[in-house]
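Notes follow once the structure below has been shown.
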Amino acid sequence: MKIYENDNGKDIIVKNVEDFNIRQTLECGQCFHFDKIGEMEYTVVYKKYLLQIRQSGKDLYCINTTKEEFETVWRPYFDLDRDYGRIKQALLDADDRLKTAIRANDGVRILNQDFVETLMSFIISQNKQIPHIKKIVRDISEKYGDCLGKINGNSYYAFPDQIQLKRITEENYRECKAGFRAPYLVDAAEKIIEEGFDSLHLKEIGYDNAKEKLLCIRGVGEKVANCVLLFALGYRNAFPVDVWMKRIMESMYFGESTDPKKIMEFAKEKYGGYGGYAQQYLFYYARENSR
DNA sequence: TCCCAGGTAGATC
DNA sequence: GATCTACATGGG
């Protein structure tokens, strides 16, 4: 991978990026704050940063960003310093039958997302379809977050930060169509400013302790907690089991209806520290092949 | 009209 | 403990 600065000093070209597909990575269901604006071209919002990115082969064209911002923000966000060739091989060694799911979307990378936005987004996600989740996240951001600029005439907004979240009421969340999840979101916003709920701390205390803390938040159960642990806190062993994962794991390994707890234990045995990666390849594959 | 969606809390047994 | 159901909203 090599990074080049354009003459105008505002665009970046990244060449020879291995095991990465921008469409697969953004649309595999792990994140919600992005828009497709062209073929293999997207806008992405992360914290208070806005990126326009297009992929052509192994090259990434990043518009309106600097080399420094790419290095410090987007490179870690897209998890570009991890060797996914090795990860995929480790998964195949664990179970050769993952081949089909991995091959179908072999450019998926697990993003390193913002803790607060990921937590709130996955609380919203319960009993909702992905397009609805995206819409609610966007509405909350537009109403209560900072404007980050315009691309193609459309304005983009950051998800509210912890200070901005304090001013959002249960009624406000209902106006954004969060429905019965509104009080959960208020509870989450209150909890995350408490002692020991910052992402740095949660990343340090280990998977079990971090999960235990997350489960104290109303509206956060096993599944949502595992999504946050995997997508925002760096615990790549986390294995969220939702309806799709339940279905595909049952058909691959059990052949009958199986308790999600049991599926999680099985995944821990089978995939170990790579559970999160296995989960995402399987989840995306299961979803794509249902329609 | 009915059923389902990247589930969870609370009630009931 | 393990199961059952209500929960807002939108789309097929």
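The values are calculated or read from the model by the stated rules, or taken from the named source; none is laboratory data. What you are looking at is a predicted structure, and each value in this text was computed from that prediction instead of being measured. All Cβ positions, even for glycine, are placed from backbone atoms using ideal geometry, and neighbour counts span all protein chains on display.
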Residue A:128: at pLDDT 95 or above and under 22 Å from residue A:28 (Cα atoms), yes or no? yes
Does region A:153-172 contain any residue that is surrounded by 13 or more Cβ atoms within 10 Å (Cβ to Cβ) and within 16 Å of DNA strand B (Cβ to nearest atom)? yes
Name the residue that is surrounded by the most Cβ atoms within 10 Å (Cβ to Cβ), counting only residues in region A:233-255 that are among the charged types (D, E, K, R) and within 16 Å of the chain's Cα centre (by Cα). A:236
Regarding region A:135-143, can at least one residue be identified that is modelled with pLDDT of 95 or more, over 22 Å from residue A:50 (Cα atoms) and either assigned to a helix (DSSP H, G or I) or aromatic (Phe, Trp, Tyr) (or both)? no
Check on residue A:278, within 13 Å of DNA strand B (Cβ to nearest atom) and either under 16 Å from the mean Cα position of the chain (by Cα) or assigned to a helix (DSSP H, G or I) (or both): yes
Scan region A:239-251 and tell me whether some residue there is modelled with pLDDT of 95 or more, of a type in the set (Lys, Arg) and not in a helix (DSSP H, G or I). no
Show the residue pairs that are 6+ apart or on different chains and have beta-carbon atoms under 6 Å apart, the first residue being within region A:4-22 and within 24 Å of residue A:111 (Cα to Cα), the second being acidic (Asp, Glu). A:15/A:59
Need a quick list: helices (runs of 4 or more DSSP H) entirely within region A:171-219 having at least 2 residues that are in the same structural domain as residue A:139 (by TED's automatic domain parsing), closer than 26 Å to residue A:268 by Cα and touching a residue at least 12 places away in the same chain (Cβ under 8 Å). A:199-204, A:207-214
When you go through (1) of a type outside the set (Val, Ile, Thr); (2) without any contact (Cβ under 8 Å) to a residue 12 or more places away in the chain; (3) assigned by TED's automatic domain parsing to the domain that holds residue A:131; (4) within 16 Å of DNA strand C (Cβ to nearest atom) one by one for residue A:265, which number turns out not to apply? (3)
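I need the full set of residues from region A:116-131 which are in contact (Cβ under 8 Å) with a residue 40 or more places away in the chain, within 8 Å of DNA strand B (Cβ to nearest atom) and assigned to a helix (DSSP H, G or I), in order please.
Within region A:116-131, the subset in contact (Cβ under 8 Å) with a residue 40 or more places away in the chain is A:116-126, A:130.
If we keep only those that are within 8 Å of DNA strand B (Cβ to nearest atom) as well, we get A:122-123, A:125-126, A:130.
If the condition is that a residue be in contact (Cβ under 8 Å) with a residue 40 or more places away in the chain, within 8 Å of DNA strand B (Cβ to nearest atom) and assigned to a helix (DSSP H, G or I), then A:122, A:123, A:130 are the ones that fit.
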